[in-house]
Amino acid sequence: MDINRERKIGGAHIIATLLAIAFFAVGWIVFKVRGSDEVKTDVITPANESVSVADKLPMKLNVANRPKPLPVSMDRLKAQGCVTDGLLSEYNPDWQEYASLINRSNCYYLHRAIETWLTPPDFETINFEMGQITKKDVVYGMFIAEAINTKAKYYNNNESRYFDFEKMCRKGSIGAWGDNTCKPTFASKEYRAYVAYITHWAIDLGVQSFTFGQIYMQEASGKNYAQEIINDMRQYAKLHGVNIVIGAQTGNITDENYLGFFDYIEGGVGLSDAGTVEDGPCLSTRGGCWALLWHQNFASKAKNVLLHLDWTGIKSDDLDIFARMTPEKRSETLKFLYAKFNSGKTGFLMPMFGVLANDNEGCRGPKRKFYSSDAQYSCADETIINKILLKK
């Protein structure tokens, strides 16, 4: 017997077996990643680059059978609006629970359902999660954040290249929100291209409300680009038969012509521990002028004003103050704010979920840093919220 020949044959069998196992493993992983859901469609990957699906947009989404959304009712937007921070963006840990919360709610407008703070929107995920919202006649909102990640990898399928996020930064703003972050500026052609890209995709999916975060940080010195950007969004939406509204966090801007570009301006209420709000144009407990937008200094020059419990993850925020109240006080506060601000130009958006300070020590949702109105968690405000919204 030729021992060497037997060893060669045995070795070949082992190699063949290992190769077969490897092929099976790769195929299984691809299946698990891609899944059988036709929403997860193919994407173009540049040569010699390994890119995850989340890094870029798909060439095609399964939206052909989705009906065109109905025209936006601004009156309902103000009367039945809810803050749903990151509902569609995998921003929250248990999205199925959040979808269920919204499905049983009386919310019409889902404010900030798409969150872009330091993270470009993954439209495959957004498309899938929109499919989990069974409520009919809802308006999805997208937040265009004043914070970007300079190291983000996001593929521009229109031009077969990656966006360069470092080119989007306002001079002197690197590190504004932490390592590898900056404030984007409309003066950057690259940033304007990015905004057009993500808003067009969102419109294709039926998103109808767009909010620019702290727009005075995004505007360019010497030239206002807002009108140019807004006109592009409106023209694209009209071309595709989608009715949209556009708003912004405008702070203490009082230029009537500038505020007139937007269908609404948006900001917090400046809540006190007692559940009250001040009467002046600026919140006295904050430096500078933290604008109270319902004040005539601002509201008289805007088309509409959306108000909510502001949050940034610090203990002095509206939402943190609210979460530290007793259940009875929270209920009383929501009734007060809704009654005070749901008239004329103004509307108060109900808190469904949002970010809390890590050491807030109040009620919370599924984790310490996150508020949820879901009845299964310690805040459990959804019953009173739905009762209030039902009385629109």
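The values are calculated or read from the model by the stated rules, or taken from the named source; none is laboratory data. Keep in mind the model is a prediction, meaning the values are calculated, not measured. We place every Cβ from the backbone using ideal geometry, glycine too, and count neighbours over all the protein chains shown. Just so you know, the surface numbers come from the protein's heavy atoms only, side chains and all, with ligands and any DNA or RNA stripped out. Shrake-Rupley method; radii C 1.70, N 1.55, O 1.52, S 1.80 Å.
Structural remarks
- Considering the stretch 67-116, the residues that are small (Gly, Ala, Ser) and not in a helix (DSSP H, G or I) include one that is surrounded by the fewest Cβ atoms within 10 Å (Cβ to Cβ), namely Ser73.
- Meets criteria (within 19 Å of Lys301 (Cβ to Cβ), more than 19 Å from the chain's Cα centre (by Cα) and modelled with pLDDT of 95 or more) for Ile253: yes
- Of the numbered criteria (1) more than 15 Å from the chain's Cα centre (by Cα); (2) in a helix (DSSP H, G or I), the one Ile203 fails is (1).
- Among the residues of the stretch 334-392, those that are small (Gly, Ala, Ser), more than 27 Å from Ala299 (Cα to Cα) and either open to solvent by 20 Å² or more (accessible area, probe 1.4 Å) or touching a residue at least 60 places away in the same chain (Cβ under 8 Å) (or both) comprise Gly362, Ser372, Ser373, Ala375, Ser378, Ala380.
- Residue in the stretch 233-248 that is touching a His at 6+ places or on another chain (Cβ under 8 Å), touching a residue at least 60 places away in the same chain (Cβ under 8 Å) and open to solvent by less than 20 Å² (accessible area, probe 1.4 Å) present: no
- Considering residues of the stretch 153-171 that are open to solvent by less than 20 Å² (accessible area, probe 1.4 Å) and touching a Pro at 6+ places or on another chain (Cβ under 7 Å) only, the residue modelled with the highest pLDDT: Met168
- Residue under evaluation Met217, criteria (1) farther than 20 Å from Lys68 by Cα; (2) open to solvent by less than 20 Å² (accessible area, probe 1.4 Å), criterion not met: (2)
- Qualifying residues in the stretch 254-264 (those that are of a type outside the set (D, E, K, R) and in contact (Cβ under 8 Å) with a residue 24 or more places away in the chain) - the one surrounded by the fewest Cβ atoms within 10 Å (Cβ to Cβ): Gly260
- When each of Gly251, Gly288, Gly267 is tested for being closer than 22 Å to Ala145 by Cα, open to solvent by 40 Å² or more (accessible area, probe 1.4 Å) and out of contact with any Cys (no Cβ under 6 Å at 6 or more places or on another chain), the lone residue that passes is Gly288.
- Count - residues of the stretch 117-138 that are closer than 17 Å to Asp204 by Cα, within 13 Å of the chain's Cα centre (by Cα) and either part of a loop (DSSP other than H, G, I, E, B) or at pLDDT 95 or above (or both): 3
- Qualifying residue in the stretch 300-316 (condition: open to solvent by 30 Å² or more (accessible area, probe 1.4 Å) and on the phi > 0 side of the Ramachandran plot): no
- Some residue of the stretch 126-140 being closer than 30 Å to Ala291 by Cβ and open to solvent by 30 Å² or more (accessible area, probe 1.4 Å): no
- Scanning the stretch 143-202 for residues that are farther than 21 Å from Tyr236 by Cα, of a type in the set (Phe, Trp, Tyr) and touching a Ser or Thr at 6+ places or on another chain (Cβ under 8 Å) yields one hit, Phe165.
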